[in-house]
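First comes the structure, then the notes that go with it.
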Amino acid sequence: MKKAIAMADNCIDVYYKLDRYYLTGNSIDFAFNYKDMGGDVTEMTILGNDVFAMALEERLKERDIPLRILKHVDKPTGMATMDIVDGDKKHLHFEGNAMEEIELSPDDLEFVKQFDIVYSERWAKVSRYIKELKQPGQIWVYDFSKRLELPGNDDLLPYLDYAFFSYDADDDYIRQFMVKTKQKGTGCVIAMLGEHGSLAYDGNQFYKIEAFSVPVVNTVGAGDSYIAAFTYGLSLGEDIPACMARGRERATKVIQQFNPYL
């Protein structure tokens, strides 16, 4: 089985109106979903100085997910104040973030090199390291979320095997964007389109898969769970349409519950 590592953000989402919260962050949602499907995954992150950092260690241990702690910092875990309107997530406020101090030591870099699959997102700040970090045959998966055209994206794209973006329609803009992104050196570009399904472009053709129509409880984790399932399919050697179908199945389950992982 291929070994995956998820790096590097963690935070908490708090719904004051509902008196609920959960441990989350893109890499946490990815790791929890990937492991639940049967994958071999290690989490790599920074821990803050509060009870939520302690809780995260315990939750990872409960799910049998190894944890590589980059360092402990004297800052609180990042906290997002959230609300839900008709099932759709609303970010109201964000404060406190231990992730601001993230940095990979030479030992951390060597640690990452041993994995077959690397999942990352913006808080990992891997653009500083990716040129020397990526190994031959290693699969890199990156979640850009809705940050489609940030200047720093181009520093990463030539080294990525699968670049994921979030958008809200299947239109000329997103298709042209995917073609341009592929031309910058990325292996495959995937656009997650919410209720409009998802698109993938490998340089030769577009692949489209429609979303299932289901009652939506909370959209948080839809993208993370899709990427986790897609990547798990990659670990099994599946082709792009099969990976997309896995992503749709997982995301469909996640949006029908409150938490962003099963």
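The values are calculated or read from the model by the stated rules, or taken from the named source; none is laboratory data. Please read all numbers here as calculations on a predicted model, not as lab measurements. We place every Cβ from the backbone using ideal geometry, glycine too, and count neighbours over all the protein chains shown. SASA here: full protein model, heavy atoms, side chains in, ligands and nucleic acids out. Shrake-Rupley method; radii C 1.70, N 1.55, O 1.52, S 1.80 Å.
General observations
- Helices (runs of 4 or more DSSP H) contained in region 1-120 and holding at least 1 residues closer than 17 Å to residue 259 by Cβ: 26-36, 51-62
- Every residue from region 105-120 that is surrounded by 12 or more Cβ atoms within 10 Å (Cβ to Cβ) and either in contact with a strand residue (DSSP E or B) (Cβ under 7 Å, 6 or more places away or on another chain) or charged (D, E, K, R) (or both): 108, 111, 112, 113, 115, 116, 117, 118, 119, 120
- In the set (1) modelled with pLDDT of 95 or more; (2) touching a strand residue (DSSP E or B) at 6+ places or on another chain (Cβ under 6 Å), the condition left unmet by residue 64 is number (2).
- Any hit, region 130-139, residues being part of a helix (DSSP H, G or I), open to solvent by 10 Å² or more (accessible area, probe 1.4 Å) and hydrophobic (A, V, I, L, M, F, W, C): no
- Selection of region 166-200 for residues being open to solvent by less than 10 Å² (accessible area, probe 1.4 Å) and closer than 25 Å to residue 137 by Cα yields 178, 181, 186, 188, 189, 190, 191, 199, 200.
- Against the test of being under 28 Å from residue 20 (Cβ atoms), surrounded by fewer than 23 Cβ atoms within 10 Å (Cβ to Cβ) and of a type in the set (Lys, Arg), the options 253, 208 yield a single qualifying residue, 253.
- Any pair with Cβ under 7 angstrom, 6 or more apart, that starts in region 77-99 at a residue that is in contact (Cβ under 8 Å) with a residue 12 or more places away in the chain and farther than 20 Å from residue 216 by Cα and ends at one that is crowded, with 17+ Cβ neighbours inside 10 Å and among the aromatic types (Phe, Trp, Tyr): 77/52; 99/123
- Of all residues in region 140-158 being in a loop (DSSP other than H, G, I, E, B) and touching a residue at least 12 places away in the same chain (Cβ under 8 Å), the one that is least open to solvent (accessible area, probe 1.4 Å): 148
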